[in-house]
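Report on the following structure.
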Amino acid sequence: MPADPRFLPPMHVANCDHGIVYRNDREFCGWPFYCGLWKLPGGDVVAGFKKIPSTYGSGGEISHTKLTVGQGRLFLIRSRDDGASWDPASQQPVFDLADDPARILREGGESYAGEAPLDFHDPGVMVMAGALPALLKPNSRAWIRASADGGRSWRRPILLPLHGLANVTGHGPPTVRQDGMALLGLSTTSADGWTNRPLVYASPNGIDWNFLSFITPAVEGGSAVSDRAGPIIFGAIRHFYTRLLALRDGRILASLRFQRDATGIFWTDIFASEDGARTWSFLSRVNDWGAPGDIVEMHDGRIVCVYGYRLSPPGIRARVSGDGGRTWGRELILRDDGGSWDLGYPRVIEVAPGRLLSVYYMNRRDDPIQQNGGVRHIARTIFAID
């Protein structure tokens, strides 16, 4: 009997081309997953990431407990050769995470009323989304900014309406349904901070964004959602980091991170909707470990999931599905030269038929600057799936 390809040993992908998107030895740069990666009509590729000043003088300076609350700014950077090289002069600030939700609500409101509608089938339309004062907190408010010209200019930031929810966190750009409806992946967090529930907002025109559906059941498995105590940032907070993907066959997939421990014991689950993101069911578990996973549908219909791998040896890995996300093939190692668990959060797009670009944050074990791994920088891998 031939070996099941799902359980063959992980394999290094041949001819991976690695490079640096942006690095500054006095900055912590990270998390492209919830910032974005786009290929625009004029040929530019645009990547979003977060950066925070850091001297790497101590472990406390790069602690996620510190870095994830009200610090840093989100930037865009551009490539004109499908991600091979990146223009540092093209950097553009889009959002300051030290901003005040009350000010945004007062000045921007909860809709783009008065602005022209957005056509989400236009590849020059871009939306970024996140949360203040931090992601996945009992007081989080999701913000969005929209651009109609490929990120050259941006509308004012607005907050998403709560629609009866206690809080909402944004996790990056939307996907677009066949009828032009934008579907935005979000999460809401319980008052004690231990339970996250992924959900979807939708907009037909970019002006108003409204609640559409929950992705997971209110209580998973008929028992308490969390069975852990300790620091919430490293706890078993279950499904979050909602990444939606509209497939050409009309189905919608949701990639979700399922977490036991933030330094490595988490994996990527896939949920699916057959009715345009109105209702959802569990479809598959992509891997043993590694999340959050970004997903892309290739020109030939295969789906590729790229994710950070934080166990030893840390790096970036991928799996491929040939049946619409129902099963996943052999684990593929794009790189395994990480200096610590503090890496990942990739985005992936197909820049040419069969040619994929993934952008993520990275630290290397051979970096001359070491603080629980090397300098956190934005890296990229260009690769092909045979």
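The values are calculated or read from the model by the stated rules, or taken from the named source; none is laboratory data. Every value quoted in this text rests on a predicted model; they were computed, and no experiment measured them. Here Cβ is always computed from backbone atoms with ideal geometry, including for glycine, and neighbour counts include all displayed protein chains.
Within the range 328-354, residues that are within 16 Å of ASN372 (Cα to Cα) sit with their Cβ atoms under 7 Å from residues that are polar (S, T, N, Q) and surrounded by 20 or more Cβ atoms within 10 Å (Cβ to Cβ), at 6+ positions apart or across chains, in these pairs: GLY338/ASN363; GLY339/ASN363; SER340/ASN363; ASP342/ASN363; LEU343/ASN363. Checked against the criteria, GLY57 counts as assigned to a loop (DSSP other than H, G, I, E, B) and at pLDDT below 95.
Out of the residues in the range 105-152 that are touching a Pro at 6+ places or on another chain (Cβ under 9 Å) and among the basic types (Lys, Arg), which is surrounded by the most Cβ atoms within 10 Å (Cβ to Cβ)? Among them, the one singled out is ARG141.
Consider LEU253 carefully, then state whether it is buried (at least 21 other Cβ atoms within 10 Å of the Cβ), of a type in the set (A, V, I, L, M), at pLDDT 95 or above and in a strand (DSSP E or B). Outline the logic, then answer.
Values: buried (at least 21 other Cβ atoms within 10 Å of the Cβ): yes; of a type in the set (A, V, I, L, M): yes; at pLDDT 95 or above: yes; in a strand (DSSP E or B): yes.
Against the criterion (buried (at least 21 other Cβ atoms within 10 Å of the Cβ), of a type in the set (A, V, I, L, M), at pLDDT 95 or above and in a strand (DSSP E or B)), LEU253 qualifies.
For ILE369, the conditions (1) within 22 Å of ILE52 (Cβ to Cβ); (2) more than 17 Å from the chain's Cα centre (by Cα); (3) crowded, with 22+ Cβ neighbours inside 10 Å; (4) hydrophobic (A, V, I, L, M, F, W, C) are fulfilled apart from (3). Among the residues examined, ASP119 qualifies as touching a residue at least 24 places away in the same chain (Cβ under 8 Å) and either touching a Cys at 6+ places or on another chain (Cβ under 7 Å) or acidic (Asp, Glu) (or both). For first residues located in the range 77-91 and free of Cβ contacts under 8 Å to residues at least 12 places away in the same chain and within 16 Å of GLY150 (Cβ to Cβ), partners that are hydrophobic (A, V, I, L, M, F, W, C) and part of a strand (DSSP E or B) and lie 6+ apart or on another chain with Cβ distances below 9 Å form the pairs ASP87/ILE77. Starting from residues that are out of contact with any helix residue (DSSP H, G or I) (no Cβ under 9 Å at 6 or more places or on another chain) and aromatic (Phe, Trp, Tyr), keep the ones in the range 38-89 and report whichever is farthest from VAL359 (Cα to Cα). The selected residue is PHE75.
Do any residues in the range 292-303 that are closer than 16 Å to HIS239 by Cβ have Cβ atoms under 6 Å from those of residues that are assigned to a loop (DSSP other than H, G, I, E, B), where the two are at least six apart or on different chains, and which pairs are they? Between residues of the range 292-303 that are closer than 16 Å to HIS239 by Cβ and residues that are assigned to a loop (DSSP other than H, G, I, E, B), the close pairs are GLY293/VAL286. Under 6 Å between Cβ atoms, at least 6 apart or on separate chains: pull out the pairs that start in the range 29-54 with a residue that is of a type in the set (Ser, Thr, Tyr) and end on any residue that is in a loop (DSSP other than H, G, I, E, B). Listed by first residue and then by second, the contacts come to TYR34/HIS171; TYR34/GLY172. The single condition among (1) touching a residue at least 12 places away in the same chain (Cβ under 8 Å); (2) surrounded by fewer than 22 Cβ atoms within 10 Å (Cβ to Cβ) that ASP323 does not satisfy is (1).
Considering only strands (runs of 3 or more DSSP E) fully contained in the range 273-373, which possess at least 3 residues that are of a type in the set (S, T, N, Q)?
Values: elements: 281-285, 293-297, 303-309, 315-321, 332-335, 344-352, 355-362.
Qualifying strands (runs of 3 or more DSSP E): none found.
Scanning the range 301-314 for residues that are surrounded by fewer than 24 Cβ atoms within 10 Å (Cβ to Cβ) and either basic (Lys, Arg) or within 17 Å of THR263 (Cα to Cα) (or both) yields ARG302, ARG310, LEU311, SER312, PRO313.
Checking each residue in the range 192-215 for being hydrophobic (A, V, I, L, M, F, W, C) and either closer than 14 Å to ARG238 by Cα or part of a loop (DSSP other than H, G, I, E, B) (or both) picks out TRP194, LEU199, ILE207, TRP209, ILE215.
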